[in-house]
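Derivation of every value follows stated rules applied to the coordinates shown; laboratory data play no part. Keep in mind that what you see is a predicted model, and the values were worked out from it rather than measured. Cβ atoms come from the backbone with ideal geometry, glycine included; neighbour counts cover every protein chain shown.
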Amino acid sequence: MKIGMNLPVMVPGLDRPTILEWARRIDAGPYASLAAGERITFPNPEIMVTVAAAAAVTERVRLALTVIVLPMHSAVLIAKQVATLDVISNGRVSLGLGVGARVEDYRALGASFDGNRMKRMEEQIAVMRRVWKGENVVAGAHRPVEPFPLQPGGPELLAGALAAPSIRRCARWADGICGFSFGPSMDEVAFAYDTARQAWQELGRTPPRLVMSFWFALGPNARPQMDEYLQRYLCFLGDDVARALAPTVKVTSASALRDAARMLEDLGTDELILVPTTSDPDEVKRVADILG
């Protein structure tokens, strides 16, 4: 199982030195990927700009966008941005896609939050692949949308899904799944993996790449740090719901981190992407020391 590390993009107060230091330390190893996720109505840096900055100061790690909420955006613009990032990073991009659940983010971008988001996303993915192949997707245009990604046909596409219907549906277009488990929960992850393996097999496809994430906190103040982070991050669900969910997030010690990583490895996880709850760059080395 490979180990990746998320940038601390959902921790407030990030600045240039902190972001770039995290990126450099992750690239120094032993991590396989550097990841970041998307929020709009939240005090976090914009995902494409942040990962592009990381691409400029790294040479080795994969750059995992986990996930872009595609129906909020123009498919052609995202295709162009991702292709540009692939060029800047020398072909290191991995693209996670999902439909999201935060209506305020959709409204902020003037996008429709409706029951057709999955269908719209599938149509958008088809457009993006046409762009990356060099097809002209704009009527009357004299040139295709460029640049083209260095990875032929574009980067791998992972579906940000854990629910069975979504996993089965995304088996038609995704190379795998990039899920997130609060606990993490062994039953939840095992069910998602079994569903994905079966769905890909039924379509006669190569087995899916299985990527999973969870939050963690370390040190003597780990539990308060985690609770504060969750209260802030989950506030869109309401304060009472955020408080009720906090105890289900359990990785707040070195031993819990080791146990959770071992559990996911035993379930067949291809890559674990850890999500920090602090902006302290020393966390990168702490995790490396704990997981060996």
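Compared with the dominant principal axis of the Cα atoms in the chain, helix 75-88 is inclined by about 70°.
Considering only 27, 114, 86, give the residue with the highest GNM mean-square fluctuation for the chain, with springs between Cα atoms whenever their separation is below 10 Å. Maximum fluctuation in the GNM of the chain, among the listed residues, is at 114. Label-to-label distance, residue 201 versus residue 116, with points set 7 angstrom from Cα along the beta-carbon direction: 3.6 nm. Spacing of the modelled spin labels on residue 235 and residue 41, each 7 Å from Cα toward Cβ, amounts to 1.2 nm. Here the range 71-103 is scanned for amide nitrogen atoms under 20 Å from the site 7 Å beyond the Cα of residue 150 along Cα-to-Cβ, giving 79-96.
Helix 117-133 and the longest principal axis of the C-alpha atoms of the chain enclose an angle of approximately 60°. Within the range 185-242, list the trypsin sites (Lys or Arg not before Pro) lying in a DSSP loop whose Cβ has at most 15 other Cβ atoms in a 10 Å radius. Answer by residue number: 205.
What does a probe at residue 245 reach in the range 208-222, counting residues whose amide N is under 17 Å from the point 7 Å along Cα→Cβ? Hits in the range 208-222 for residue 245 at 17 Å: 213-217. Think of the chain as a dipole: +1 on every Lys or Arg Cβ, -1 on every Asp or Glu Cβ, centred on the Cα centre; then among 75, 166, 288, 75 lies furthest on the positive end.
Our estimate of slack between residue 265 and residue 1, defined as 0.36 nm per intervening residue step minus the Cα-Cα distance, is 94.4 nm. Past the 27 Å Cα-Cα mark, which pairs from 80/285; 80/250; 2/80; 250/285? From 80/285; 80/250; 2/80; 250/285, over 27 Å: 80/285; 80/250; 2/80. Spin-label pair residue 172-residue 18: with each label point 7 Å from Cα along the Cα-Cβ axis, the two points sit 4.3 nm from one another.
Once mean projected area of the Cα convex hull in nm² is calculated for the structure shown, the corresponding label among [x] 17.0; [y] 15.1; [z] 13.9 turns out to be [y]. Of the trypsin sites (Lys or Arg not before Pro) found in the range 43-128, those in coil by DSSP whose Cβ has at most 14 other Cβ atoms within 10 Å are 60. Relative to a virtual label point 7 Å from the Cα of residue 258 in the Cα→beta-carbon direction, which members of the range 17-37 show backbone nitrogen distances below 11 Å? Backbone N within reach: none found. Summing charges over neighbours of residue 134, with a neighbour being any other residue whose Cβ is under 15 Å away from its Cβ, gives +2 when K and R count +1 and D and E count -1. Mean sequence separation of contacting Cα pairs (under 8 Å, at least six apart), scaled by the length of the chain, corresponds to a relative contact order of 20 percent. Taking every C-alpha pair closer than 8 Å and separated by at least 6 residues, the mean separation divided by the residue count of the range 1-151 gives a relative contact order of 21 percent.
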